[in-house]
Amino acid sequence: MEIKFMKEALRYGRRSLLSDDVPIGCVVVKNNKIIGYGYNKKEDLKNPTAHAEIMAISMAARHLNSYHLEGCDIYVTLEPCLMCVGAILNARIKNLYFGARNKRFGAVVSHQKIEKLITNHRINYEYGILERECASLITGFFSDLRKRSK
């Protein structure tokens, strides 16, 4: 199942490219059905909180008419930052799956360690799902950006 939903997250991540946003995609799943999706829209909306995870969590909460997303899983192409980890914790999402590590801002295993956060909710996580595809989407974006800026 993880691969199927990560492929969907990748598909949404590619939508970010239309607005020159960093291509990160995300889906929220409950009972093997996508109930929320998002992609990075910071540039498009001129909003620093418009991360893929925030967009997907917001849609899923509207779908369930609750901010408690218990029993839901979240799939993200890139390791979530601290803001998004906070949103995932507050939503009480059960499982987090991500593709590529985020050595600069990652708040699950890379820069911060999710286990060190003192919270009343714990998230199960797994990473490295379609890692090569997730990482190449982002590295390709930044490579193209550098070429265009020369």
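The values are calculated or read from the model by the stated rules, or taken from the named source; none is laboratory data. Not measured: the values here are computed from a predicted model. With ideal geometry, Cβ positions are generated from the backbone for all residues, glycine too; neighbour counts draw on all protein chains shown. Heads up: the accessible areas ignore ligands, DNA and RNA and are worked out on the full protein's heavy atoms, side chains in. Shrake-Rupley method; radii C 1.70, N 1.55, O 1.52, S 1.80 Å.
Listing for the model above:
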{"quantity": "Considering residues of the stretch 124-150 that are open to solvent by less than 90 Å² (accessible area, probe 1.4 Å) and at pLDDT below 90 only, the residue nearest to LEU18 (Cα to Cα)", "calculated": "PHE141"}
{"quantity": "Residues being in contact (Cβ under 8 Å) with a residue 60 or more places away in the chain, farther than 11 Å from TYR75 by Cα and open to solvent by 60 Å² or more (accessible area, probe 1.4 Å) - total across the stretch 1-19", "calculated": "2"}
{"quantity": "Test set (1) touching a helix residue (DSSP H, G or I) at 6+ places or on another chain (Cβ under 9 Å); (2) open to solvent by 10 Å² or more (accessible area, probe 1.4 Å) - VAL28 fails condition number", "calculated": "(2)"}
{"quantity": "Top-ranked residue of the stretch 91-110 - restricted to ones that are open to solvent by 80 Å² or more (accessible area, probe 1.4 Å) and either of a type in the set (Phe, Trp, Tyr) or in contact (Cβ under 8 Å) with a residue 24 or more places away in the chain (or both), ranked as nearest to ASN31 (Cα to Cα)", "calculated": "LYS94"}
{"quantity": "Residues of the stretch 93-109 that turn out to be assigned to a loop (DSSP other than H, G, I, E, B) and of a type in the set (Phe, Trp, Tyr), as a count", "calculated": "1"}
{"quantity": "Residue in the stretch 32-64 that is surrounded by the fewest Cβ atoms within 10 Å (Cβ to Cβ), counting only those that are at negative phi and in a loop (DSSP other than H, G, I, E, B)", "calculated": "PRO48"}
{"quantity": "Pairs, first within 12 Å of GLY25 (Cβ to Cβ) and open to solvent by 20 Å² or more (accessible area, probe 1.4 Å) in the stretch 65-81, second in a strand (DSSP E or B) and modelled with pLDDT of 95 or more, C-beta under 6 Å, six or more apart", "calculated": "LEU78/ALA100"}
{"quantity": "Residues of the stretch 111-123 satisfying the condition of being exposed (fewer than 13 other Cβ atoms within 10 Å of the Cβ) and farther than 22 Å from ASN31 by Cα", "calculated": "LYS113, GLU115, LYS116, ILE118, THR119, ASN120"}
{"quantity": "Residues within the stretch 22-31 that are in a loop (DSSP other than H, G, I, E, B), at pLDDT 95 or above and either in contact with an Asp or Glu (Cβ under 9 Å, 6 or more places away or on another chain) or among the β-branched types (Val, Ile, Thr) (or both), tallied", "calculated": "1"}
{"quantity": "Some residue of the stretch 78-85 being among the aliphatic types (A, V, I, L, M), part of a loop (DSSP other than H, G, I, E, B) and more than 16 Å from LEU117 (Cβ to Cβ)", "calculated": "no"}
